[in-house]
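Nothing in this text is a laboratory measurement; each read-out follows from the coordinates by a stated rule. These figures come from a predicted structure and were not determined experimentally. Note that we place each Cβ from the backbone using ideal geometry, even for glycine, and neighbour counts take in every protein chain shown.
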Amino acid sequence: MPPSASSPSNAGAGLLFLREEELRLAQDMLFFAYRDFTHAADEVLEKLELGRAHHRALHFIARMPGMSVSDLLSILGITKQSLSRVLTTLIEEGYVTQAPGRVDRRQRLLSLTPKGAALERQLFERQRDLLLRAYRDAGSTAVEGFRRVLRALTDETGQAHLAAMEAAARELRARSA
């Protein structure tokens, strides 16, 4: 559940003067932004007969190679049956591989194949261009505010996954420095 507006840790608590129409406009903007952001990747996915669930799976597997199926299930927040359909397609089409866990052999660890990495990169680049333009137009202060808004819209499970991904990225940067 996202933090409430009355939460003492909510830096935007002073913005409670927002009227319903302003909040509806924000909702409209989110819907349009989502439509246009996903459309950039949808064109590529459609040609491959893949959908947005496949894209999300590819994205998170790319972000955390070797992740377990149960971790991906938690991140995506979909049913096991839905994830099974998505992974079956990605594995059969040669985008994803799965291997048994090192400690628990029943665990299935997921990684992208070179073909999967190339597709994920292509999808990322389509959306990256939109983000770059928007971030440049908005400026760094707005980007930081945008991130705070998105984080506040994210439930505790999503925030925990974000924190883990950020920690992994920091560790990777430290190792390569």
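Computing Rg and Dmax of the Cα atoms in Å directly from the structure and comparing it against (1) 18.4, 55; (2) 15.6, 53; (3) 15.3, 43 singles out (1). Remark on residue 107: its backbone amide H falls under 5 Å from those of 101, a criterion applied only to residues 5 or more positions apart or on other chains, H modelled at 1.01 Å from N.
The string of couplings for segment 53-58 from the Karplus curve (6.51, -1.76, 1.60, θ = phi - 60°) is 5, 5, 4, 4, 4, 4 Hz, one whole number per residue in order, with x for Gly and Pro. Of the residues 36, 104, 137, the one that moves most in a GNM of the chain with alpha-carbon contacts below 10 Å is 104.
Length available on full extension from residue 68 to residue 49: 0.36 nm per residue minus the Cα-Cα distance, which gives 4.3 nm.
Placing a label point 7 Å from the Cα of residue 122 along the Cα-to-Cβ line, the residues of segment 74-104 whose backbone N sits under 20 Å from it are 86-97.
Sparse packing (at most 12 other Cβ atoms within 10 Å of the Cβ) combined with a DSSP loop state is found for the following trypsin sites (Lys or Arg not before Pro) in segment 69-118: 102, 105, 106.
Compute the helix-to-body angle for 156-176: its Cα long axis versus the longest principal axis of the chain, expressed 0 to 90° and rounded to tens. Tilt of helix 156-176: around 70 degrees. Were the residues from residue 130 through residue 85 laid out at 0.36 nm apart, the gain over their Cα-Cα distance would be 13.2 nm. Residues whose amide H falls under 5 Å from that of residue 113, counting only those 5 or more places apart or on a different chain, are 96, 97, with hydrogens built in the peptide plane.
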